[in-house]
1. What GluC sites (Glu not before Pro) in the stretch B:202-253 are in a loop by DSSP, with at most 11 other Cβ atoms within 10 Å of the Cβ?
2. What are the trypsin sites (Lys or Arg not before Pro) within the stretch A:271-356 that DSSP puts in a loop, where the Cβ has at most 10 other Cβ atoms within 10 Å?
3. Relative to the first principal axis of the alpha-carbon coordinates of chain B, what is the inclination of helix B:126-139, with its axis defined by its Cα atoms, in degrees from 0 to 90 and to the nearest 10?
4. If you line up the long axis of helix B:110-120 against the longest principal axis of chain B, both from Cα atoms, how many degrees apart are they, to the nearest 10?
5. Which of the GluC sites (Glu not before Pro) found in the stretch B:44-86 are loop residues per DSSP with 12 or fewer other Cβ atoms within 10 Å of their Cβ?
6. If the reach is capped at under 16 angstrom between alpha carbons, list the lysines near A:Lys246, excluding any in the same chain fewer than eight residues apart.
7. Compute the distance in nm between two label points, each set 7 Å from the Cα along the Cα-to-Cβ direction, one at A:Val284 and one at A:Lys251.
8. For peptide A:297-306, what's the mean number of Cβ atoms from other chains within 10 Å of each residue's Cβ?
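The values are calculated or read from the model by the stated rules, or taken from the named source; none is laboratory data. As the structure is a prediction and not an experimental result, all values here were calculated from the model. Reconstructed Cβ throughout: ideal geometry from the backbone, glycine too, with neighbour counts over all protein chains shown. Just the protein is used for accessible areas: all its heavy atoms, side chains included, with ligands, DNA and RNA removed. Shrake-Rupley method; radii C 1.70, N 1.55, O 1.52, S 1.80 Å.
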Amino acid sequence: MSKSTSARLGGLFSYRNLLSCFYQTLTAGIVIACAYYLLLATQENLEARHIESGFSFLSQEAGFPIGDSLISYSPSDTYGRALLVGIINTFFAAILCIIFATILGIVMGVAQVSGNPLIARMAEVYVEVMRNIPVLLILLFVYGVVLVGLPSVKQAIEFIPDGFLSQRGIFVPRPIAGENFIYLMIALGLGIVGTVFFLKWAKKTLDITGKSFPTIWISLALIIIPPVIIQATFSDVLTWEVPELKGFNFKGGWVFRPEFAALVFGLVLYRGAFIAENVRSGIVSVQKGQREAATALGLSPERTMRDVVLPQALRTVIPSTTNDYASLVKDSSLAIAIGFPDMVSVGGTMIGQNGQAIEVIAIWMGIYLCINLIISLLMNIANNKFQLVER
Amino acid sequence: MSEQNAAPAATIEQDTVISLVDMNKWYGDFHVLKNINLNVQRGERIVICGPSGSGKSTMIRCINQLEEHQTGSILVNGQELTSNTKALERVRKDVGMCFQHFNLFPHMTILENLILAPIWVRKMPRKAAIELAMNYLERVNIAEQSEKYPGQLSGGQQQRVAIARSLCMAPKVMLFDEPTSALDPEMIKEVLDVMEELANDGMTMLCVTHEMGFAKSVADRVIFMDGGEIVEENEPDAFFNNPQMDRTQLFLSQILSH
């Protein structure tokens, strides 16, 4: 009986193996056939439209203007430089968004678990509203509010000395390095070196005598005060190019157009809600007993948060926040909807002009992949630092 | 041990470390602790027992205000516990506590667990804190594990570390909240040994525990709680051999029957 059963089972297994082999081969065959067909079709289409494939178009003249550029650019520059402007814009917007979304997320996340019911409720409303609305709508809304709400250039608000806020954007003075600027850099460098030594000394003093210092404030003073002294005593260190109203717009200074402000503001508002949720769930996930043990030892609530709760919360906060950073970077391509010239927007214009869609899309995908892989790498390094050692 | 308490009237003259006066606590509508009155003298070892849900843990958690009480008063070292956070932190420095689930900080090494509070609460230099910590780790026979993480230790070892961590703050009173309930049987003894040694050194202790052997050999007084009230308290001999109340007799017959 048992012999015949095992024989039958053996036959069944080999039949299954054969079947799975067949299906795997079939699937692989279909995939290869599809890929081959697509390749052929693409080649045919490109030939029919007389589009040359390859990246040589990058050195041709672009011929279109770009509204925001952190590097010098004019329509007579090449496609390559135009795309570079877009890539830098994407990078710049993404980095700013990540920084501010993280700050907003931490504040709102901690607020949600704070003892104050009013603050907790307000943070909850913010999170629920923001994460349940499509990000595109938030961007359009913010952009609309920015454009409608701000005064015209003639009535620009001077929100800081020589800094103006108007429908045309935010204008702030641009620092220009003078002849003696090098002294300021030296002072700054010395301040930073001094801070490093101070922090080491403070740690040592704490270890030896148990005395602690307000390290954050002293460090800030050490970094900020020397450059300020240099600026005040020497002439021609750092001068400011002040934006001035000429004709219909401001000239000079640094310009952040409303499109850029709306993009950053909208993405930060949206993604901050997700990060807030991560932070809240991270804090809640730390066992109640941890807080009780710290409290029972007489540690203050701040110490408990800093040394006991947050380090453990980070274990769950970091992986999910990595996802949010990746989504944030990808969402920045929605800039095209409000007219900020990010990589996708600039690339789209190029495709319209010369039809090199495959190459441009390949570049887009390559850049997004690079940015997100770098983020993943950094976050994984951080994550490994906070993992618990188990048996 | 029982000589100390032979004449209860005389002990009132000793200095009182903890006193609960007409303390009441509610969870919503549920009356968890009803008119608790308890005085603990310096050096006294008290074991609190009773069926689960009788309020034993809640009562000792009120002593360092992990739980708030609503009416009545609690005095620790003569200081009344109010909601003043700074005053509470001062009281907590002098009241050590061990939990059923140890609650070691899993992201710190054993040594870091021990020196955290001495450095930040007692403002002790790191070097002195480490010396102190190693001292206590040796006392609980675990010094060689000081660089390991809690997750790498057995339950019994973790509980001994937790006791050492509390002792580093040089507490005047130690509270134990079912310290052996989460342990495998073979590890219970190593923890009870440490506690017994602590008791012999004259530490004032309040232990919530189901270890009746420990109660018999170590306690000066056994308190039986049921339904949020202190039903009976007596010295161990009298408590175990001649319980006065029906509820106590029932409880003892249930736990001592097997």
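1. Sites meeting the loop and neighbour criteria: none at all.
2. Passing sites in the stretch A:271-356 do not exist.
3. Rounded to the nearest ten degrees, it is 50.
4. 80 degrees
5. In loop regions of the stretch B:44-86 (DSSP not H, G, I, E or B), the sparsely surrounded GluC sites (Glu not before Pro) are B:Glu68.
6. Correct list for A:Lys246: A:Lys154.
7. About 5.8 nm, to one decimal.
8. 6
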